[in-house]
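Peer 1: Have a look at this one.
The values are calculated or read from the model by the stated rules, or taken from the named source; none is laboratory data. Computed from a prediction, not measured in an experiment: that's the story for all the values here. Positions of Cβ are generated from backbone atoms using ideal geometry, with glycine treated the same way; all protein chains shown enter the neighbour counts. Note: areas computed on protein heavy atoms with side chains; ligands, DNA, RNA excluded. Shrake-Rupley method; radii C 1.70, N 1.55, O 1.52, S 1.80 Å.
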Amino acid sequence: MQSVVDLARSGQAAKRSRRQAMSWIALAAIIVSLLSLLPLAFIIWTGVQTGWDTASALVFRPRVGELLVNTVLLVALTVPIATVLSVALAWLTERSDLPGARLWAWLSVAPLAIPAFVHSYAWITLAPGLHGLWAGVLVSVLAYFPFLYLPLAAALRRLDPALEDAAAALGLGPWRVFWRVVLPQLRLAICGGALLVGLHLLAEYGLYVFIRFDTFTTAIVDQFQSTFNGPAANMLAGVLVTCCFVLLALEVLVRGEERYARVGSGAARRQQRTRLGRATLPCLALPAVTTLLAIGVPFVTIGRWLVAGGVDVWRFDEIGLALGQTVFLALAGAVLATIAATPMAWISIRAPGPLQRLLEGCNYIVGSLPGVVIALALVTITVRIAMPLYQTLFTILVAYALMFLPRALISLRASIAQAPVELERAAASLGRPPLKALWSTTIRLSAPGAAAGMALVALGIMNELTATQMLAPNGTRTLAMAFWSYSGEIDYASAAPYAFIMVAMSLPLTWLLYVQSKRMAGR
């Protein structure tokens, strides 16, 4: 009888300790979520402090109207063109007997390894007269269409071919089957990819500076660097944030609430590839031309400048310093972002509910904000409230963690979901404290996902430019900053080694993304 009582008491004690551990993890998730809302709250607070008269004068002026027209036209032209291109490439590589389909599929993802400002650098050195809206659309499509291609190709691999067979049996031709059966099932992938492309267009800086096309981001950075005019830059940031939320709302409206899943498991089988026949050569032209423009031009341009510069452009002392600082910042920022994302990822799997959804939404909101907005908020906060933290390593790492928190969160959440909660309970029942039980089971099992998230965050930090320029401590010179410095001086030969190293460091991760997308479809 006494042993039963002791077991009951030990069980109650274990439950209390688990609740205490959960409360500490929830508190950590709340703190991280509140910090992630700091840039948005600061923009709102700045608008209130500025006053309606000053704020309206800064917002409702011809310059803001010009920037808004440029931004709307850029998004309205780039996103549809990138969507059409990505749908065509995804169908050719996944559903047709296109020769070398696997190679073309990898080459359709490879442009992600080239930073957007390197794309622009390559094109502007090839065609110095390339400026304006259509130049921005061209380079933006080539730099960002893989964000649409990846989810579209993955969706096409997972579609149930029985639906298309049923439509064909009812007398619909191939084109009508595609429009009425296949394309509606790609809506989620199209909406998600289009949103990602649109947010990148709003946040991009270097690409549009090269081609002399003004956007809100370029105007904010110019305002900050030239006059350090806080109210003017902050009001522009407020308009930019509004544009981001408009894109988010449009994506929700277009996505709709249709059901895309079938009730039964179905019979897993691959879709038979369509024979192209006489259309093979014309269809080959699309991936070939896209690869030539998106990959060939940057690689040829970088190679040409490396050859023109010779051995002199390889200043190994400067390159080594920039490489070391870049790797250090990337690793430190990736570790911080992963640690910050861990409590939220654990709660989203182990304790789902209204609070979890609210906190997770806060973390995704910061992911939709351009880096220049986050950097501007942290600059002003540190200057006004915590001057000793201005342009310090702490501030730049916090900015990286906020900017790339969603990347770490998504990878961690998927890994924790695959770690059985029973292992945590078993470890706790053996006498381990809850946090130690969590560390010895779930955290260790989710290590591969954490590593993948860290790699994604590190890639983003390596290619990040605007926030690094605004927040990095004096003397910091990353690969992106060194590239930008030399290219700003029209010394394209000296900038080429930095572009080459950034691309070389990004290619393995891009291959990893491609392989992972294949594994998700069971291939």
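Peer 1: Residue by residue through region 125-130, what is 3J(HN,Hα) from phi via Karplus (6.51 cos²θ - 1.76 cosθ + 1.60, θ = phi - 60°)? Round to whole Hz and write x for glycine and proline.
Peer 2: 7, 6, 10, x, x, 7
Peer 1: For GLN225 and ARG275, what does the FRET efficiency come to when R0 = 51 Å and r is the distance between their Cβ atoms, rounded to the nearest 0.05?
Peer 2: Working: r = 57 Å, r/R0 = 1.11.
Efficiency, rounded to the nearest 0.05: 0.35.
Peer 1: Still on this structure: At 1.4 Å probe radius, can you tell me the per residue accessible area of region 282-372 in Å²?
Peer 2: On the way: 4050 Å² over 91 residues.
In whole numbers, region 282-372 has 44 Å² accessible per residue.
Peer 1: To continue, here is another question. Across region 240-249, in residue order, what do the Karplus-derived ³J(HN,Hα) couplings come to in whole Hz, using 6.51 cos²θ - 1.76 cosθ + 1.60 with θ = phi - 60° and x for Gly and Pro?
Peer 2: Ordered by residue, 3J(HN,Hα) equals 5, 4, 4, 4, 4, 5, 5, 4, 4, 5 Hz.
Peer 1: Please list 125-135, 333-343 highest first by mean number of surrounding beta-carbon atoms within 10 Å per residue.
Peer 2: On the way: 125-135: 14.1, 333-343: 23.1.
Listed from highest to lowest mean packing, they are 333-343, 125-135.
Peer 1: With all protein chains present, how much of the accessible area of region 315-378 (probe radius 1.4 Å) comes from carbon and sulfur, to the nearest whole percent?
Peer 2: Values: 1840 of 2420 Å².
Carbon and sulfur: 76 percent of the exposed surface of region 315-378.
Peer 1: Show the residues, 5+ positions off or on another chain, whose built amide H is closer than 5 Å to the amide H of LEU369.
Peer 2: Here nothing satisfies the definition.
Peer 1: For a quick check: with amide H placed at 1.01 Å from N, whose amide H comes under 5 Å from SER96's, ignoring anything fewer than 5 positions away on the same chain?
Peer 2: Distant-sequence amide H within range of SER96: THR274.
Peer 1: Take LEU73, project a point 7 Å from its Cα along the Cβ direction, then tell me which residues of region 189-219 have their backbone nitrogen under 13 Å from it.
Peer 2: 213-215
Peer 1: R0 = 25 Å: FRET efficiency of TYR390 with THR54, Cβ-based, nearest 0.05? Could you put the intermediate results ahead of the total?
Peer 2: Numbers: r = 25 Å, r/R0 = 0.98.
Result of the calculation: an efficiency of 0.55.
Peer 1: While we're here: Per 0.36 nm of contour for each residue apart, how much would the distance between ARG187 and ILE44 grow if the chain were fully extended, relative to their Cα-Cα spacing?
Peer 2: Values: separation 143, 0.36 × 143 = 51.48 nm, distance 3.35 nm.
Working it through step by step, the gained length comes to 48.1 nm.
Peer 1: Across region 45-55, in residue order, what do the Karplus-derived ³J(HN,Hα) couplings come to in whole Hz, using 6.51 cos²θ - 1.76 cosθ + 1.60 with θ = phi - 60° and x for Gly and Pro?
Peer 2: 4, 4, x, 5, 5, 5, x, 4, 4, 5, 5
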